[in-house]
1. Between residues in segment 276-292 that are part of a strand (DSSP E or B) and residues that are crowded, with 22+ Cβ neighbours inside 10 Å, which pairs lie under 9 Å by C-beta distance while being six or more apart or on different chains?
2. Are any residues in segment 114-128 out of contact with any strand residue (DSSP E or B) (no Cβ under 6 Å at 6 or more places or on another chain) and in contact (Cβ under 8 Å) with a residue 60 or more places away in the chain, and if so, which ones?
3. Being over 15 Å from residue 225 (Cβ atoms) and within 19 Å of the chain's Cα centre (by Cα) is the filter; apply it to segment 266-287 and report the residue that is surrounded by the fewest Cβ atoms within 10 Å (Cβ to Cβ).
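Each value in this text was obtained by applying a stated rule to the coordinates, not by laboratory testing. These numbers were taken from a predicted model, which means no experiment stands behind them. Don't worry about glycine lacking a Cβ; one is built from the backbone with ideal geometry, like all the others, and counts go over all protein chains shown.
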């Protein structure tokens with residue numbers, strides 16, 4: 001049986017990707033998988049789920065030994081240092097994990113003949129564009145996190161896949177939707193920024209598309225998000241409404257109003273146009289409202 005090695009398998013995306021390659025549907029999935037043909041559960045793979053405890057990607061020798069022993073056909077590289085504000089104060093750690101860690105994965109993949117799909121981010125852009133970003137726009141990251149993830153992209157071979165995504169939320173792991181649900185239930189005031197726009201993306205949907213891109217071995221950069229753009233305030237209002245609450249209780253604020261202020265600059269516009277998928281005839285990601293509604297229901301079960 002072919003093997004897939006998933007790094008970052010303990011995270012919210014890595015967990016869902018592990019389910020997809022195991023032939024299961026992650027919690028919060030669209031019924032029957034994504035609407036696009038060919039996208040959904042993957043069969044015929046033995047899944048090796050590598051959490052940080054099992055695979056330190058910053059250690060070249062450890063990575064080489066692991067890939068040599070596993071001999072995967074494909075590697076889904078989802079491991080990353082994603083604490084955006086912490087990255088601003090820990091430059092070396094951010095680049096060690098996101099850039100050098102990816103270099104180690106890439107070197108091992110070349111040596112042992114594995115195909116790599118790398119999960120990247122909207123933070124490779126500065127957010128100054130007045131339109132959605134397409135795959136062929138020139139990156140210009142303004143945060144340490146964004147620069148380190150772009151560094152990871154630069155370590156990859158051109159025939160491999162880069163999947164840029166944004167504003168992830170899933171059943172497993174911490175995320176914005178869970179934070180809003182918790183604050184609402186605790187009766188805490190909800191003050192949410194409305195001057196940052198992006199594409200909320202549910203990890204169960206992303207994992208299904210990730211499985212398709214990887215098994216088809218589609219080379220190049222792909223933007224993969226749920227359809228539609230929103231502000232964080234829009235998402236919070238929608239979550240509260242799904243919980244049966246009054247969305248009017250969610251107060252909009254600006255990024256400058258955040259107290260304490262965030263260490264890392266955020267792109268004001270990080271909306272990603274999924275142009276490469278659309279051209280390939282795979283414009284199959286559901287609207288973000290559909291995905292978030294499923295996620296809220298799954299978190300309530």
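1. 287/226
2. If the condition is that a residue be out of contact with any strand residue (DSSP E or B) (no Cβ under 6 Å at 6 or more places or on another chain) and in contact (Cβ under 8 Å) with a residue 60 or more places away in the chain, then 123, 126, 128 are the ones that fit.
3. Taking the candidates together, the pick is 268.
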